[in-house]
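Working notes, beginning with the structure itself.
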């Protein structure tokens, strides 16, 4: 099947892979693993390219960088936000304890019969390397958000996402994307992710992407659980189109916790709207396990 190439560095096609960042000097490149170990940041099994991307926070195809230019809150503000964050955690404890028993019971049973428990919770097994099952023909989502995307260097257990399965509101320029929507996210085939997917269905865990204007190049991401919306002063997420042609092929997914910017990851389009592979698909096959679990599989 022919591959659609994102508008990026012309040297990519010749090299056959996304090149390392030119700004990283050789000594710095040799120290990537050491820096990752010190910060406790890189995940086991990550490639050298992923470690380099994590440490430098500079995607070779990005035309701008968000996390390195984000302001940091003052010390007093950070302390106050941490106090509020701990208060939210304490208030959420009754809900956590209420959900803990059925989740642990299901997790224990899954060790005996994994496939049965997947079916019992409406989950299924799929392939990250063949992600066309995530595509849907009926969508009102803007074109720049269509296709399937790889969340490269995401420290959590989810790897792929299909924005076009969300609910688009043209009046507010917002996209509601529940984690429990069928065939929208893929997760690594691990017990912790099985428990997570059970929990998100119980608490209706979802994201709302609120775009700032009609260009749809920058969005704030609000986390919602049941009827509660996480305040941005505690957890502030966002997404910015950093592709060369601003076509939605590459996004920086930035985060700020209690006013402190944290590590970004990058959202790369691996399937375009017509189902063709882009060059970023090679990252999935190289860096992501084939087997995954999904809601409604």
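Values quoted throughout were computed directly from the atomic coordinates according to the rules given, and no laboratory measurement underlies them. Predicted model only: the values in this text are computed from it and were never measured. Virtual Cβ from ideal backbone geometry, glycine too; neighbours counted across all protein chains shown.
So the values come out like this:
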{"read-out": "FRET efficiency estimate (nearest 0.05) - Cβ-Cβ, residue 156 to residue 83, R0 25 angstrom", "value": "0.50"}
{"read-out": "Residue order, fewest to most beta carbons within 10 Å, for 74, 162", "value": "74, 162"}
{"read-out": "Proxy reagent accessibility, fewest Cβ within 10 Å first, across 211, 163", "value": "211, 163"}
{"read-out": "For the stretch 67-295, alpha-carbon Rg and Dmax in angstrom", "value": "18.1, 51"}
{"read-out": "Percent RCO, i.e. relative contact order, over the stretch 179-297, from Cα pairs under 8 Å lying at least 6 residues apart", "value": "25"}
